[in-house]
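Just so you know, all these numbers are worked out from the coordinates, no wet-lab data involved. A quick note: this is a predicted structure, and the numbers were derived from the prediction, not measured. Glycine also receives a Cβ, built like all others from the backbone with ideal geometry; neighbour counts cover every protein chain displayed.
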Amino acid sequence: MVTAVVTGAGTVGLVSLAVAGDLDTAGQAASVTGAIVGLAALLVSVLALFRSDGGGSAGGRRVRAGRGGIAVGGDITGSALGKNSKVTGPPTTPRTTSTPAREGDDVRAGRDGIATGGDVTDSALGEGSER
């Protein structure tokens, strides 16, 4: 709404300048106004890029891990996560049903922690664990 009002006022101002003044002055004013609006748009897009935390999807899930932590945004099946963890058995077939992710649920693992945003099935989690 604010953008429409500002754009309308700017258009009326430039048309008034073209009618009341000369066309050269109106052209110069339009050039300066266009440059300012372009720089403002660049600034807004850069701020929006950094504000989304690199997630790529607005309002989506963010996955973060602290130093030494492990964070997974989805399901974990038949894996070994953590220092010196290993898988020793045969491969596990992944389950076809999983817990649906709710929009906006963040996954965060603190320092040296493990967090997952989905189901953990037949996995070794933690330092020195074995599956």
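In this structure, the amide hydrogen of Ile70, modeled 1.01 Å from its nitrogen in the peptide plane, lies closer than 5 angstrom to those of Gly113, Ile114, Ala115, counting only residues at least 5 positions away or on a different chain. The string of couplings for the range 118-131 from the Karplus curve (6.51, -1.76, 1.60, θ = phi - 60°) is x, 7, 10, 10, 6, 10, 9, 10, x, 5, x, 7, 9, 10 Hz, one whole number per residue in order, with x for Gly and Pro.
Positive contributions from Lys and Arg (+1) and negative ones from Asp and Glu (-1), summed over other residues with Cβ under 10 Å from the Cβ of Gly128, come out at 0.
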